[in-house]
Amino acid sequence: MRVTKERGPEGGVSGVMEGMYHLDEDYTSLEMRVARLETGFAWAEDPPSRLRHFVTNVRIGDPQPTPQGEESAVRSNLLVFRSRWDRPDYTLLAAERRDVWRYSPAGWRLARRTVILDSATLPTHNLAFFF
């Protein structure tokens with residue numbers, strides 16, 4: 001979560017180390033969200049939002065050996081455009097993504113993702129979409 005306070009070593013970000021998140025998902029919770037969206041009873045996304053993701057400034061760290069396998073830290077900037085219904089208004093969400101990619105026999109796979117929104121408050125009514 002973004003915080004608005006005097007500068008500190010965390011750069012205006014709270015929760016990355018403290019466990020304070022808007023959403024804290026794992027594979028099981030993501031599976032459940034996708035299954036729910038496919039039921040037709042996910043009212044927050046009926047009709048579905050129109051989304052556009054812009055990923056820029058991708059910075060890839062050197063691969064490092066870990067007990068789970070070779071991993072690489074990847075940072076990128078993200079801009080999400082979201083519009084709904086036939087309204088002229090829209091939502092823009094800017095963020096930084098902090099990913100960990102792990103090498104497996106099937107190739108590089110996303111192992112962990114942290115999305116840090118630039119907004120101190122959520123500028124949208126729900127977060128029913130994926131970053």
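The values are calculated or read from the model by the stated rules, or taken from the named source; none is laboratory data. All values reported here derive from a predicted model rather than from experimental measurement. Remember, those area values only see protein heavy atoms, side chains included, never the ligands or the DNA or RNA. Shrake-Rupley method; radii C 1.70, N 1.55, O 1.52, S 1.80 Å.
The mean accessible area for residues of region 48-96, using a 1.4 Å probe and ignoring ligands and nucleic acids, is 70 Å² per residue. Only protein heavy atoms count here; under a 1.4 Å probe, GLU31 has an accessible surface of about 100 Å². With the convex hull constructed from alpha-carbon coordinates only, region 31-113 shows a mean projected area of 7.5 nm² over all directions.
Each residue of region 84-92 was assigned a 3J(HN,Hα) from its phi angle through the Karplus curve 6.51 cos²θ - 1.76 cosθ + 1.60 (θ = phi - 60°); the sequence is 9, 6, 10, 7, x, 7, 8, 10, 10 Hz, with glycine and proline shown as x. Reducing region 100-115 and region 39-80 to their Cα centroids gives an inter-centroid distance of 11 Å. Sequence-ordered 3J(HN,Hα) estimates for region 61-72 from the Karplus curve with 6.51, -1.76 and 1.60 and θ = phi - 60° stand at x, 5, x, 10, x, 9, x, 7, x, 6, 10, 9 Hz, glycine and proline given as x.
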